[in-house]
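The values are calculated or read from the model by the stated rules, or taken from the named source; none is laboratory data. Because the structure is a prediction, the values reported are computed rather than measured. All Cβ positions, even for glycine, are placed from backbone atoms using ideal geometry, and neighbour counts span all protein chains on display. Just the protein is used for accessible areas: all its heavy atoms, side chains included, with ligands, DNA and RNA removed. Shrake-Rupley method; radii C 1.70, N 1.55, O 1.52, S 1.80 Å.
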Amino acid sequence: MASVGDCSVRRRRLDQRKTEADTEPSGPNRTRTGGDSELDPPVTLRTGTFWLTRLVLLRATAFIYLVAFIVAFTQNKQLIGERGLMPCRDYLNSVKRYVGGKIGAAALAYTPSILWLMDWSHMDSNLDGIAAVGAGLSGFVLLTGTANMLIMVCLWGLYHSLVSVGQLWYSFGWESQLLETGFLSIFLCPLWRLEQLPPQNPPSSINIWTFRWLIVRIMLGAGLIKIRGDQCWRDLTCMDFHYETQPVPNPLSYYLHRSPWWFHRFEVLSNHFIELVAPFFTFLGRRMCMLNGAVQILFQVALILSGNLSFLNWLTIVPSLACFDDASLSFLFGSETKRKVLQIQQEHAAGRAPKPSAGAVARRALNVSLAVLIGYLSVPVVMNLLSSRQVMNTSFDPLRIVNTYGAFGSITKERTEVVFQGTLSADPAAPEAVWEEYQFPCKPGDLRQRPCVITPYHYRLDWLMWFAAFQTYEQSEWVIHIAGRLLANDSAVLSLVQHNPFQGREPPRWVRGEHFIYRFSRPGSASAAQGKWWVRKRIGAYFPPVDLVGLRSYFQSRNWPHPHVPTGRN
């Protein structure tokens, strides 16, 4: 017979078990304590919170910033530096004259850049300094997963300073898209604290929805501009040409171009579904929103694998991540991080959340202000989406906070390329003149050069050469500027060139631009057997042979510094 003491002990144990059972979450949000190991039980997070989502968004945005600042550090001096093709100092001076000759509010509003406040006599150092600080800050956020509003404002301001003076080289939609994404990322963070999971600063649902609104606008803008643009998007034939004629193909583009006709039709139909239908899933509840996020990410991964579209596709993945909550992203994290998030979730659900600090209260007010601002600035953007005269990749405010987007509204059916050639011959028209070709890192030139894989890095000059090829040199005068620099063996421009045929020799006497049609060689053909990825046919001269003497008046009329004439030349 059990003693009274034994009964009392058993009663206390039963009461304790009942208390634990009563406090354990139940239903879909129940935390599992059983699993592969009693020492490390799996953790199931609640739905509807965004602690891990914020961490993923911050690190993803920091990664894109890091790539963008590295591109800036390696190429800005050659493009917009003191001896660049389009010096930003000249641009700032022209803006200064336009706004009345003073550096004030009007100048800053027209061209928001901290370069206004720096010493213009050391512009290369200024550009390098901005890029280096930006790369350092973004690298810190990427590695640690911690940031505050001050750091994210600095990153946004630094990159804005470069985009504002980047002129033609920074004129593409992904620059505005990075600025908008970076601006929204400011509001993910505590005001000044540096913590991965600050319990007193829960991620704002308003902020998450601004990211979702961004991916909706990006995809609808891209889809609508296609339907309203090139006929080939309506008759489903655009993908017959895209892989061969896109700005910078990669090796997979070569093989995808030869896909069966039905596969190309399927690609176009899929594109229309992803860009015109799937975005509306965002507003149909958690599961449909996650479905849209997954579809958009897979779509961008496919684009990354099939071409080199700068960091555009990587960047478009970022707002898609906001379609997922903590429960759906938990597989990316270890048990320790998930336990911390679960503890925070339980404390907030039980009303035991830490008392908001002054910074947290200020942040809540800022998020409400963000909602009002994004709503107000979205009005002209939505009107543009609904307009039959839709414009893509445009900003309606000087800070580029809310923008219009779109890509490949028209598809070129033939790939044309400008090839720079130089000769040491005194007479460019002489039959015996030997013309040697310059090669760029990724732009098609040498028929045996394999298409490159560089994404998310970006060669800005290679990209602009694609546009120049279906314009004239009068429309792209910077092409002649490059020719003059090549005549002088200018080190700044040659650093953007992969192969200089006159390396270690005297500079060419003449440089010309030849215009070619490029096509992928057919797998199994004689050209492919010779190692040629491309075949080409000459169209004619893009610009005639030029020399330094003949370019003098051309350069003077455009206020370009005349390249140094090598010793012994007339």
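In straight-distance terms, cross-link reach from LYS77 covers every one of the lysines whose alpha-carbon lies under 26 Å from its own, apart from those fewer than eight places away in the same chain; here that gives LYS96, LYS102, LYS443. At a 1.4 Å probe radius, carbon and sulfur cover how many percent of the accessible area of the stretch 415-558? Accessible surface attributable to carbon and sulfur in the stretch 415-558 totals 50 percent.
If we count every other residue with Cβ under 15 angstrom of ASN308's Cβ, Lys/Arg +1 and Asp/Glu -1, where does the sum land? Could the numbers behind the result be given before it?
Numbers: positive: ARG415, LYS443, ARG450, ARG460; negative: GLU244, ASP462.
Net of charged neighbours comes to +2.
Sites listed here are chymotrypsin sites (Phe, Trp or Tyr not before Pro) in the stretch 299-371 whose DSSP assignment is loop and whose Cβ has at most 14 other Cβ atoms within 10 Å, and the list is empty.
Residues of the stretch 206-245 falling in the label zone of GLN475, defined by backbone nitrogen less than 17 Å from a point 7 Å along Cα to beta-carbon, are 230. Shown in residue order for the stretch 74-88 are the 3J(HN,Hα) couplings computed by the Karplus curve 6.51 cos²θ - 1.76 cosθ + 1.60 at θ = phi - 60°: 8, 10, 4, 4, 6, 9, 10, x, 4, 10, x, 5, 9, x, 5 Hz (x for Gly and Pro). Put simply, the amide H of ILE539, placed in the peptide plane, has neighbours under 5 Å in HIS515, PHE516, ILE517, leaving out anything fewer than 5 places away on its chain. Modelled spin-label separation between LEU332 and ASP397, with each label point placed 7 Å from Cα along the Cα-to-Cβ direction: 2.7 nm.
Tell me, in nm to one decimal, what length is gained between ASN559 and ASP446 on full extension, where the rule is 0.36 nm per residue of separation less the Cα-Cα distance?
Details: separation 113, 0.36 × 113 = 40.68 nm, distance 3.37 nm.
37.3 nm is the gain from fully extending ASN559 to ASP446.
In the assembled protein chains, LYS226 presents an accessible area of approximately 10 Å² (probe radius 1.4 Å).
The residues packed around ASN207, meaning those with a beta-carbon under 12 Å from its beta-carbon, carry a net charge of +4 if Lys and Arg are +1 and Asp and Glu are -1.
Here each label is just a point 7 Å from Cα along the line to Cβ, and for ARG258 and ARG286 those points are 4.9 nm apart.
In the frame of its principal axes, the chain has Cα extents of 120, 62, 49 Å, reported largest first.
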